[in-house]
Amino acid sequence: MRATPKHQRKGTQMAFLIFVFVALLAAGGCTSGQPSSAAKTPPASAASSPRATPVSAQPATAAQYVGDKVCVACHKEVVEKYTKTLMGKTLTAPARPNVQRVDCEACHGPASAHVAAGGGKGKGILVSFRQGVEPAQVQNQPCLKCHESGDRLYWQGSPHNSRDVACVSCHKIMEKASDRFALAKKTQNDTCAQCHLVRKAQSFRNSHMATRDGATQCSSCHNPHGSVTEKLLKGNSVNEVCYNCHPEKRGPFLWEHDPVREGCTNCHEPHGTLNDNLLKIRRPRLCQSCHVEGRHPSSAGQPGTYVTVGAGCPNCHNRFHGSNHPSGNFFLR
Amino acid sequence: MMPRAARVLGMLGLLAAAAVLLAAPAYAQLKLGDYSISGDLEGGVRQLYGERNSSRFNEFRDIPQGLFFPDLRLDIDKPGYYYELRALDLLENDQSLRFSLGAPGLYRLDLEWNELQHIFYNQARTPYSGVGGNVLSIDDFTRTSIQNSGASLTTNLDTFFRGGHKEVIGFDRERGEVKFRYLLGPDWLVKLAYKNERWDGTRPGSYLFGSSPGGRPVIQLPQPVDYRHDQIRMALEWARAGHSLELAYEASIFENRYSSLTFHNPLRGPTDAAATPSRGRVALDPDNQAHYITLSGALSLPAETRFMGTFSYGWMLQDEDFIPHTINSALTSSTLALPRRSLDGEVNPTLVNLVLVNRAIQNLTITGRYRYYDLENNSKRIQFPGHTVGDSSQVTTAEETRLLGYTRQNAGVDMSYRLSSNLKLNGGYEWRKTDYEDFHAKENQEDRAKVSMDIKANNWLMIRPAYIFSDRDVSGYQTQTPPGQAERRLFNLAARERHEGKLMARIMPSDRFSISLEGGLGTEDYDAKYGLDKGDVWNASVEVSVTPVDWLNMFASYTHERITGKIHSVQNSRVGGTDTFFDGDAWTMKFTDDYDVIRAGMDFLLYENKEKARKVTARAEVSYAYSKGETRNAWDQGTPANITGAGAITANWPDIKAKLWVLSTRLDYHLSKHFSIGAGYSYERYTLDDFTQQFVSDVVVDPSVTTRLYTFGDALRNYEAHTVAMFARWRF
């Protein structure tokens, strides 16, 4: 690290942030006296959730647990489908001590009132998981008891969480609708397109990623459960996401191009455009958004000249993403 | 790349194994001791018709004729264990396979294989030999003949390039991946992943000899792609109810087999001359690697508070040896001695992300965020005493590299309050500051405010309108001379005001009927006399899904998006060796891109006999995508008489239009619970009306001008394809 005052300041800032980070973790560790994962103590752990009760849409009841056998008596078909899912196989017949059996009521809540009412949709059930019946926060609570680490670490406070998206909006738990990840639709892209209609339409554009062909998926770049970067991107920055598939663009290069180093999305619209190479604006106009230097960069350009056809400016300045050539200062080499 | 024959043999072996398993009675799920086996296998025959010899048809996909196996699934279960095999588009250049095995509560192993092709041009013409390697050559006899053409030089050069042989410009990418998760105990999880990717083929590049194309050719060349990319991730996670901590190490190592591309000059050779080199040489993307260490954690605090945080530090490294300034032996200035062997490049990204969510007050959620991202460029700053331009001239002016880096901080708070079960109000503020190093600005700051509402009614209606305002200021902008430059602002740094409105709605009066709506409106105003001035976007989308009867499901959707922008610039003339601006040479470009996509589909259950488990199903889906791009150019000062620099003269560019029709239909007859046969037909039509493509449909872009741009002569062509298929599916 270069020893300039600015970097010394940065070092101090960094040290402070790391201290805050570690201190908060340590503080949490000290106050943590709660029992282990909820999956290990069903179904009572679901009912005792501290966050489920205050926002419940259902009135509190003195319902009792009735046990799986009672549920299966009426919901045999549903349970059969569930036991064919990976989660069903894992939780209905756990084979190892690390996983304990999780009954229906661990997620749905005690069912005695439901049984007493003679069954039926929405009768006496604490959590039905039907869209809109309970607040998303209530529906999500049973899921988060086991699924709040790893990729779901930033779920709380994430855009989808704050917009009341329920886990079951995207995931189908009780039967297998997709190959992986218990998705509500057959593919990831179809699942996301339930709400993101414009993004789906963008994949039909002239210049597009292989999303329409199924080779890239929304989750290739985004983590829908929350992330450390805006737009739910999976990397630490826009560019660090792009480098996963385009590592040749990472450099660092001897000669670098400002907008490239700052962010690929300065010039590219990754969801699809009319312009080649997913460019936001046609070449050479994209380049001319910034370049007003002497002579040809500021030429207004007639159709058919070497700057308006083919690759435009990169017809000559081909190494504009960065060059490692000693004479690459104009990205010609 | 694995030979196709080997892959075919491998896949046939796989299928043979599946067939052995399938040899058991097909009327029930197969049981072998403790193992229960189930799955699907679909295969058939496919025939294609129509005019589909366009690189766009196979841009990212492979649709061969004859036998095809689009789908294979195999599930094997044993108490305490499971095995899964999934294969899509078997034997094709875009196939993907996955084999997973797991012991719930103990481990899971995934092995994945994935292929993808990317075709840029399938009828490219190039006179160079050595395509795919890093030396593109023209034999000396031919070069000498062209050079001695005298008055016919240009004609002969054109003929030479037009007579090039045909090549496919594109590459195959193969990716293998291993992922392993092992539960060490109730709270500890180890995650390991390794991914290897290889790219093999070519991609288009174009280069020139000299500093500008005047009189010298600019040539489109097949640039070799022979990459290897290895990624490793190792993580240890500890998790208990409400708390988790993960320490991870990631590495990404990129290797390019070729560090440079050498190409012969058809106008000179075999010996060099100062102004006309016999060869040109360009540096290709250098090998590089990145390493990251990341610590992430979350914990539940008292008072309904949750904290989440991440600290990550990385190293992006690049230290490939420089190639010399030029391959032209006639350029011998002492200033071309390299001051260093390599860049010794190092960029260190640091991330700190802290989020605190509090729900202590009933119905109120407060989220506080702080994010610090620093991209510190610690590469060596190098001053080159001189350099060459396009291998044909040398400049003795010193040039120094820039060490681009920046630090970005975001801090904000969001609040949402649920007024009732039907209404939630949300608001937030975010402050964003970026400090730049070696950019044209020192820093910019942005304030962002947002409000939104969530309206719900009786479980069948959800509406979410939102409005976001942001205002960005820039300071320390380093203006340049002459005056026109001083008034130019780079759009990514410039002061900017932005308004965004969004609307999302879902109406579901019943399980059989739903309407989804999404729309947005955004405007951006940049504070720049020259450069990007305005950018607006609006879009609207609606999707309706109806299931009127049990045997019919229908959907239809329509999306429109309009993107407009305005760029203001000024032609910069060279007067007496100095860049000079004349007001009359200012010009404006306005662009409008319109996009329309219509989709509709139906699923039918045409016949069903539940006793015999027989049914006939049909599916049809159609989509039409239309894009149109307008480019309107104008002089600010009115008539051409006011124009000093010829480069300021312009005209409206022809509109660009692209259309894509896709129709796919499928009929399945389920003869039993386990066996079905079917037929399918699909139709695709793509048309592109793009003046830039019309110009490159000939190898010589414009024979009427001296400036020569030699392309592959392969424009993106229209296509119209019909695909007919018959298939059978075995479910066991």
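Would you tally the residues in the range B:603-653 being within 30 Å of A:VAL292 (Cα to Cα), buried (at least 18 other Cβ atoms within 10 Å of the Cβ) and hydroxyl-bearing (Ser, Thr, Tyr)?
Residues flagged as within 30 Å of A:VAL292 (Cα to Cα), buried (at least 18 other Cβ atoms within 10 Å of the Cβ) and hydroxyl-bearing (Ser, Thr, Tyr) within the range B:603-653 amount to 3.
Just to be sure, is B:LYS659 more than 9 Å from every other protein chain (Cβ to nearest Cβ), of a type in the set (Lys, Arg) and under 29 Å from the mean Cα position of the chain (by Cα)?
yes
Condition first: more than 7 Å from chain B (Cβ to nearest Cβ), open to solvent by 10 Å² or more (accessible area, probe 1.4 Å) and in contact with a strand residue (DSSP E or B) (Cβ under 8 Å, 6 or more places away or on another chain). Now tell me which residues in the range A:320-333 satisfy that.
Passing the criteria: A:PHE330, A:PHE331.
Filter the range B:438-466 down to the residues that are within 30 Å of B:LEU404 (Cβ to Cβ), assigned to a strand (DSSP E or B) and open to solvent by 50 Å² or more (accessible area, probe 1.4 Å) and list them by number.
The answer is B:GLN445, B:ASP447, B:ARG448.
Going through the range A:196-216 one residue at a time, which ones are at the interface with chain B (Cβ under 7 Å from one of its Cβ atoms) and in contact (Cβ under 8 Å) with a residue 24 or more places away in the chain?
Matches in the range A:196-216: A:PHE204, A:ARG205, A:ASN206.
Just to be sure I understand, how many residues within the range A:268-302 are closer than 29 Å to B:GLY405 by Cβ, among the charged types (D, E, K, R), part of a loop (DSSP other than H, G, I, E, B) and facing chain B (nearest Cβ under 7 Å)?
Total meeting the criteria: 1.
For B:ARG432, work out the one condition from (1) within 9 Å of chain A (Cβ to nearest Cβ); (2) buried (at least 16 other Cβ atoms within 10 Å of the Cβ) it doesn't fulfil.
(1)
Determine which member of the set B:ASP321, B:ASP287 is over 17 Å from B:ILE382 (Cα atoms) and open to solvent by 10 Å² or more (accessible area, probe 1.4 Å).
Exactly one residue qualifies, and that residue is B:ASP287.
Tell me yes or no: at least one residue of the range B:290-313 is closer than 26 Å to B:GLY368 by Cβ, assigned to a loop (DSSP other than H, G, I, E, B) and not hydrophobic (A, V, I, L, M, F, W, C).
Looking through the range B:290-313, at least one residue is closer than 26 Å to B:GLY368 by Cβ, assigned to a loop (DSSP other than H, G, I, E, B) and not hydrophobic (A, V, I, L, M, F, W, C).
So B:ALA124 fits all but one of (1) over 26 Å from the mean Cα position of the chain (by Cα); (2) of a type in the set (Gly, Ala, Ser); (3) within 25 Å of B:ASN53 (Cβ to Cβ); what number is the exception?
(1) is the only condition that B:ALA124 fails.
Do we have any residue at all in the range B:378-394 that's among the acidic types (Asp, Glu) and open to solvent by 30 Å² or more (accessible area, probe 1.4 Å)?
No: zero hits.
Say we look at the range A:222-235 and pick out the residues that are over 8 Å from the mean Cα position of the chain (by Cα) and in a helix (DSSP H, G or I); which of these is surrounded by the fewest Cβ atoms within 10 Å (Cβ to Cβ)?
Going through the qualifying residues, I end up with A:LYS231.
Which is closer than 28 Å to B:ALA658 by Cα and either open to solvent by less than 80 Å² (accessible area, probe 1.4 Å) or of a type in the set (Lys, Arg) (or both), of B:THR592, B:THR580?
Just one listed residue meets the conditions, B:THR592.
Here is a list: B:GLY565, B:GLY531, B:GLY576, B:GLY519. Which entry is facing chain A (nearest Cβ under 9 Å) and free of Cβ contacts under 8 Å to residues at least 24 places away in the same chain?
Result of the check over B:GLY565, B:GLY531, B:GLY576, B:GLY519: B:GLY519.
Hey, could you check the range A:271-302 for residues that are under 17 Å from B:ALA634 (Cα atoms), within 36 Å of the chain's Cα centre (by Cα) and polar (S, T, N, Q) and say which is surrounded by the most Cβ atoms within 10 Å (Cβ to Cβ)?
Among residues in the range A:271-302 that are under 17 Å from B:ALA634 (Cα atoms), within 36 Å of the chain's Cα centre (by Cα) and polar (S, T, N, Q), the one surrounded by the most Cβ atoms within 10 Å (Cβ to Cβ) is A:SER289.
Given the condition within 14 Å of another protein chain (Cβ to nearest Cβ) and either open to solvent by 50 Å² or more (accessible area, probe 1.4 Å) or not in a helix (DSSP H, G or I) (or both), answer yes or no: does some residue in the range B:140-160 qualify?
no
Quick one: how many residues across the range A:132-188 are under 24 Å from A:GLU105 (Cβ atoms), of a type in the set (Gly, Ala, Ser) and not in a loop (DSSP other than H, G, I, E, B)?
The total comes to 2.
Would you mind stating whether B:LEU189 is open to solvent by less than 30 Å² (accessible area, probe 1.4 Å) and either modelled with pLDDT of 95 or more or assigned to a helix (DSSP H, G or I) (or both)?
For B:LEU189, the condition - open to solvent by less than 30 Å² (accessible area, probe 1.4 Å) and either modelled with pLDDT of 95 or more or assigned to a helix (DSSP H, G or I) (or both) - is met.
Could you say which residue among B:ARG402, B:ARG408 is open to solvent by 40 Å² or more (accessible area, probe 1.4 Å), within 31 Å of the chain's Cα centre (by Cα) and either farther than 24 Å from B:ARG281 by Cα or within 9 Å of another protein chain (Cβ to nearest Cβ) (or both)?
B:ARG402
Within the range B:326-364, which residues are in contact with a helix residue (DSSP H, G or I) (Cβ under 9 Å, 6 or more places away or on another chain) and open to solvent by 30 Å² or more (accessible area, probe 1.4 Å)?
B:LEU356, B:ARG359
Could you please find all residues in the range B:325-359 being over 30 Å from B:LEU299 (Cα atoms) and either facing chain A (nearest Cβ under 7 Å) or under 27 Å from the mean Cα position of the chain (by Cα) (or both)?
B:HIS325, B:THR326, B:LEU338, B:LEU343, B:GLY345, B:GLU346, B:VAL347
Just the residues that are open to solvent by 30 Å² or more (accessible area, probe 1.4 Å) and over 29 Å from the mean Cα position of the chain (by Cα), please, taken from the range B:71-103.
Residues satisfying the conditions are B:ARG73, B:ILE76, B:ASP77, B:LYS78, B:PRO79, B:TYR81, B:TYR83, B:LEU101.
Which one of B:LEU517, B:LEU532, B:LEU521, B:LEU503 is assigned to a strand (DSSP E or B), crowded, with 18+ Cβ neighbours inside 10 Å, among the hydrophobic types (A, V, I, L, M, F, W, C) and in contact with a strand residue (DSSP E or B) (Cβ under 6 Å, 6 or more places away or on another chain)?
After ruling out the rest, the residue left standing is B:LEU532.
Looking at (1) closer than 30 Å to B:LEU331 by Cα; (2) exposed (fewer than 15 other Cβ atoms within 10 Å of the Cβ); (3) aliphatic (A, V, I, L, M), can you tell me which one B:LEU423 breaks?
(1)
I'm trying to understand the selection: among the residues of the range B:171-209, which are facing chain A (nearest Cβ under 10 Å) and without any contact (Cβ under 8 Å) to a residue 40 or more places away in the chain?
Residues satisfying the conditions are B:LEU184, B:GLY185, B:PRO186, B:LYS195, B:GLU197, B:TRP199.
Which condition breaks for B:ILE515 when tested against (1) within 21 Å of A:HIS291 (Cα to Cα); (2) out of contact with any helix residue (DSSP H, G or I) (no Cβ under 6 Å at 6 or more places or on another chain)?
All conditions pass for B:ILE515, except number (1).
Only one residue in A:THR305, A:THR265 is in a helix (DSSP H, G or I), open to solvent by 40 Å² or more (accessible area, probe 1.4 Å) and out of contact with any Lys or Arg (no Cβ under 7 Å at 6 or more places or on another chain). Which one?
Only one candidate qualifies: A:THR265.
The values are calculated or read from the model by the stated rules, or taken from the named source; none is laboratory data. Keep in mind it's a predicted model, so treat the numbers as computed, not measured. Please note: Cβ atoms are built from the backbone with ideal geometry, for glycine as well, and neighbour counts cover all protein chains shown. The area values use the complete protein model at the heavy-atom level, side chains included, leaving out ligands, DNA and RNA. Shrake-Rupley method; radii C 1.70, N 1.55, O 1.52, S 1.80 Å.
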